[in-house]
Structure formats: structure tokens, C-alpha cells
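The values are calculated or read from the model by the stated rules, or taken from the named source; none is laboratory data. What you are looking at is a predicted structure, and each value in this text was computed from that prediction instead of being measured. Remember, those area values only see protein heavy atoms, side chains included, never the ligands or the DNA or RNA. Shrake-Rupley method; radii C 1.70, N 1.55, O 1.52, S 1.80 Å.
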Amino acid sequence: MRTKIILACTECKQRNYNTTKDKKTHPDRMETKKYCRFCRKHTPHKETK
């Protein structure tokens, strides 16, 4: 079953992206590099609660 998650920028703490992930294959928190429109550059984004 896929669950909804929110990705937040690690630099400005803005919540930018909504996505889903499979808890069986990725039980820990997700982190990816994505574009932040507030910082205007690519930054690491972490999964929030």
C-alpha cells in the first residue's frame, strides 16, 4: 500500500512537494534533491510528518 508524504526543503523549510511511497520497500524517511521555488535552486528535500 502506498502512503502520501510531503517533501520539505532542508534550507528554507517550505513544504513543496506531495508524493507517495511504498512503506514496505522504503520504511525510513525519504530524501531527494529537488528544485525549491523559494530558494530558486536545487536543494535536498526530506520527508515530513
The range 21-37 - residue that is basic (Lys, Arg) and open to solvent by less than 100 Å² (accessible area, probe 1.4 Å) and, of those, nearest to CYS9 (Cα to Cα)
LYS34
If you take the residues of the range 38-49 that are open to solvent by 100 Å² or more (accessible area, probe 1.4 Å) and assigned to a loop (DSSP other than H, G, I, E, B), which of them is farthest from MET1 (Cα to Cα)?
ARG40
Scan (1) over 10 Å from the mean Cα position of the chain (by Cα); (2) open to solvent by 100 Å² or more (accessible area, probe 1.4 Å); (3) at pLDDT 95 or above for the single condition ASN18 breaks and write down its number.
(1)
Only unsatisfied item for ALA8, checking (1) on the phi > 0 side of the Ramachandran plot; (2) assigned to a strand (DSSP E or B), is (1)
